[in-house]
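Chemist: Below you will find the structure I want to go over with you.
The values are calculated or read from the model by the stated rules, or taken from the named source; none is laboratory data. All values reported here derive from a predicted model rather than from experimental measurement. For neighbour counting, all protein chains shown are included, and Cβ atoms are generated from backbone atoms with ideal geometry for every residue, glycine included. For accessibility, only protein heavy atoms count, side chains too; no ligands or nucleic acids. Shrake-Rupley method; radii C 1.70, N 1.55, O 1.52, S 1.80 Å.
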Amino acid sequence: MRTQVAIIGAGPAGLLLSHILHRNGIDSVVLERQTRAHVLERIRAGVLEAGTIALLREVGLGERMDREGHPHDGSWIAWEGRPRFLIDTRKYTGKPMMAYGQTAITEDLFAARDAAGGKIVDEAADVRLHELTSSKPYVTYEKGGEQVRIDCDYVAGCDGYHGVSRPSIPLDVMKTYDKGYPFGWLGIMSETPPYPDICYCYHSRGFALASQRSPMLSRYYIQCDLDDKIDDWPDERFWAEFLARCPPDMAGSIVTGPSIEKSIAPLRSFVAEPMRYGRLFLAGDAAHIVPPTGAKGLNLAVSDVFYLSRALIEACRKGNPAYLDSYSDTALRRVWGAARMSWWLTMLLHRFPNETPFEEQMRLNQFDYLHASEHAAATLAEQYVGLPY
Ligand code: FAS
Ligand code: PHB
């Protein structure tokens, strides 16, 4: 088999890249380890930055998002014992945000690729990348007992944190930055009317977050210990803890109900540099992981794809490698900005084990400063809505 771009991974990054390349007359094949059903069962991100909304609309993927998504002018921070604070993205940036689930985006992407006759190979096992520093790279995989080779011009590593692409870059070329957090997020989905706002709660018992997917689909999270198991958190215990972490007026308007999905995700900050090795280009979680506190993970995957698709189009159609040569530096500038902001919000909104009273005071004063300074509020808003591409 031959294609111009072999894409590893059928998550948002891989599918969006394949879609944009196709719209520009560039052929690609997407190799996905799991079944399509497995990919579509994942419940992940839910908040779209302005740049993501604009790009999805620009490439013909805005119709269902605009019909079913929930526009937002910002998100709230409810702080135990303090007045609520609005991250007012509309006031300070004039840009929109949207609550629209990653699962729906992935469904829309699969539908668009299917409609265009896109080639997505699922259950592609043992994917390997070859000759990445030559002008004739290729990938191999196994399916149905058959070993398949795809010759290509470029490889896009969109296979997430646990993928095969990043490890295909020699360790003496790659530099990684890694930080773990001493807690995780326990998330549930319930078929209940959601709280009307996206609201981060800071509480002495721990962090909580109210979000949404649709008028009858709610998404809630609480900070939990790293060694917690889902079985430790029956619905009754989850709801009691969630409501205890909300301000009383907010707790009184939360509609609880049985969970239809429950998962625990550890929090991590991770960046790998460079995001290129020869003809291999990394995009999305394959290159970086951010704690979900800033709602940046999915949005970073989209901005990586914006830069990488532009670079591949310029190279494949005009023979100009300039954007390919600058891709890693350009993408990383935005990655580090989102990594810092996600780290900062995580440090602000979570209770850390063994923290000192002084550290707690620093956190409290940071929150009071957000209330006191228009400049501080504007700074947070412009980062939360997403810095320009
Ligand atoms: P993905 O991980 O989505 O996709 C990679 C794909 O590659 C997968 O389908 C995988 O099966 C496939 N793959 C892996 N190895 C392969 C191989 N060897 N061969 C072929 N295919 C392979 N972000 C937010 O903004 N907000 C959130 O609330 C949020 N919650 C999250 C919760 C969890 C549990 C996780 C894991 C992530 C969460 N994220 C969140 C981040 C998440 O949304 C990612 O940023 C987003 O999925 C990135 O998309 P991709 O880069 O496409 O990676
Ligand atoms: C979500 O809706 O899943 C969500 C919202 C905001 C975040 C993280 C996740 O910061």
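Chemist: What is the spin-label model distance, in nm, from LYS136 to GLU80 if the labels are put 7 Å beyond Cα along the C-beta direction?
Modeler: 6.5 nm
Chemist: Right, something else. Note down the relative contact order for segment 72-142 as a percent, whole number, built from C-alpha pairs under 8 angstrom at least six residues apart.
Modeler: With pairs under 8 Å counted, the relative contact order is 18 percent.
Chemist: Using a 1.4 Å probe over the heavy atoms of the protein chains, calculate the carbon and sulfur portion of the accessible area of segment 27-154 as a whole percent.
Modeler: Taking all protein chains in place, segment 27-154 shows 46 percent carbon and sulfur surface.
Chemist: Within the chain, what's the longest run with no GluC sites (Glu not before Pro) in a DSSP loop and at most 16 other beta-carbon atoms within 10 Å? Give the range, please.
Modeler: 192-354
Chemist: In Å, what Rg and Dmax follow from the Cα atoms of the chain?
Modeler: Radius of gyration, then largest Cα-Cα span, for the chain: 21.2, 64 Å.
Chemist: For the pair ASP172 and ASN320, what calculated FRET efficiency results from E = 1/(1 + (r/R0)^6), where r is the Cβ-Cβ distance and R0 = 35 Å, to the nearest 0.05?
Modeler: Values: r = 30 Å, r/R0 = 0.85.
For ASN320 and ASP172, the calculated efficiency is 0.75.
Chemist: Taking square-rooted eigenvalues a ≥ b ≥ c of the alpha carbon gyration tensor, is segment 245-287 rounded, prolate or oblate, where a/c under 1.5 means rounded and, failing that, a/b exceeding b/c means prolate?
Modeler: prolate
Chemist: Run through the DSSP bridge list for the chain and note the antiparallel percent, rounded to the nearest 5.
Modeler: 75 percent
Chemist: What is the dipole size for segment 142-247, taken about its Cα centre, with +1 at each Lys and Arg Cβ and -1 at each Asp and Glu Cβ, in debye to the nearest 20?
Modeler: Details: 11 positive and 17 negative charges, 71 e Å.
For this selection, approximately 340 debye.
Chemist: Placing one identical point scatterer on every Cα of segment 215-317 and ignoring solvent, what is log10 I(q)/I(0) from the Debye formula at q = 0.15, 0.20, 0.22 Å⁻¹?
Modeler: -0.80, -1.07, -1.20
Chemist: Here is a further query. Over the chain, what is the relative contact order in whole percent, taking alpha-carbon pairs under 8 Å and six or more residues apart?
Modeler: Answer for the chain is 21 percent.
Chemist: What whole-number distance in Å separates the alpha-carbon centres of segment 49-87 and segment 189-266?
Modeler: If we compute the Cα centre of each part, the gap is 19 Å.
Chemist: Take the Cα radius of gyration of segment 109-255 and divide it by 2.2 N^0.38 Å, with N its residue count; two decimals is plenty.
Modeler: 1.53
Chemist: Can you compute the helix-only [θ] at 222 nm over the chain? Use -39500 (n - 2.57) per DSSP H run of at least 4 residues, normalise by all residues, nearest 500 deg cm²/dmol.
Modeler: -11500 deg cm²/dmol
Chemist: In addition: Quick one: what Rg and Dmax do you get for segment 166-239 from the alpha carbons, in Å?
Modeler: 17.1, 51
Chemist: Lysines within cross-link reach of LYS262: Cα-Cα under 19 Å, excluding same-chain residues under 8 positions apart?
Modeler: LYS262 reaches LYS229.
Chemist: Something else now. Based on Cβ point charges of +1 for Lys and Arg and -1 for Asp and Glu, what charge dipole magnitude is obtained for the chain about its Cα centre, in debye rounded to the nearest 20?
Modeler: The calculation lands at about 840 debye.
Chemist: Leaving out ligands and nucleic acids, and using a 1.4 Å probe, what accessible area per residue does segment 342-389 come to in Å²?
Modeler: Roughly 53 Å² per residue, with all protein chains present.
Chemist: Also, quick follow-up: Using a/c under 1.5 as the rounded threshold, could you call segment 92-175 rounded, prolate or oblate? The axes a ≥ b ≥ c are square roots of the C-alpha gyration tensor eigenvalues, and prolate needs a/b larger than b/c, oblate otherwise.
Modeler: Taking the square roots of the gyration eigenvalues as a ≥ b ≥ c, segment 92-175 is oblate.
Chemist: Ranked from highest to lowest mean number of other Cβ atoms within 10 Å per residue, what is the order of the peptides 266-272, 100-106? Numbers along the way, then the final one.
Modeler: Values: 266-272: 17.9, 100-106: 22.1.
Result, highest mean first: 100-106, 266-272.
Chemist: Separate question: Which of ALA301, ILE264, SER326 sits closest to the plus end of the dipole of segment 245-357, meaning its Cα is farthest towards the positive end, when Lys and Arg get +1 and Asp and Glu get -1 on the C-beta?
Modeler: Comparing the listed Cα positions along the dipole, SER326 ranks first.
Chemist: Hey, how many Å between the Cα centroid of segment 337-370 and the Cα centroid of segment 292-333?
Modeler: Spelled out, the Cα-based centre of one part sits 31 Å from the other.
Chemist: Right, something else. List the extent of the Cα atoms of segment 1-136 along each of their three principal axes, largest first, rounded to whole Å.
Modeler: For segment 1-136, the Cα extents along the three principal axes come out at 60, 31, 30 Å.
Chemist: Shape call for segment 321-389 from the C-alpha gyration tensor, a ≥ b ≥ c root eigenvalues: rounded (a/c under 1.5), prolate (a/b greater than b/c) or oblate?
Modeler: Because a/c hits 1.5 or more and a/b fails to exceed b/c, segment 321-389 counts as oblate.
Chemist: Solvent-accessible area per residue for segment 169-214 at a 1.4 Å probe radius, Å²?
Modeler: Numbers: 1710 Å² over 46 residues.
For segment 169-214, the per-residue accessible area is 37 Å².
Chemist: What is the P(r) of segment 1-50, as percent of Cα-Cα pairs per 5 Å bin from 0?
Modeler: 4, 18, 24, 22, 16, 12, 3, 1
Chemist: Shifting gears a bit: Round to a whole number: what % of the accessible area of segment 217-373 belongs to carbon and sulfur, probe 1.4 Å? Don't skip to the answer; put the middle values down first.
Modeler: Details: 3690 of 6650 Å².
Carbon and sulfur atoms account for 56 percent of the accessible area of segment 217-373.
Chemist: Positive end of the dipole of the chain, charges at C-beta (+1 Lys, Arg; -1 Asp, Glu), about the Cα centre: which of HIS371, HIS203, LEU16 has its Cα farthest in that direction?
Modeler: LEU16
Chemist: Which whole-number percent gives the relative contact order of segment 1-112, counting Cα pairs below 8 Å spaced six or more residues apart?
Modeler: 30 percent
Chemist: With every protein chain kept in place and ligands, DNA and RNA left out, what is the accessible area per residue of segment 1-126? Probe 1.4 Å, answer in Å².
Modeler: 40 Å²
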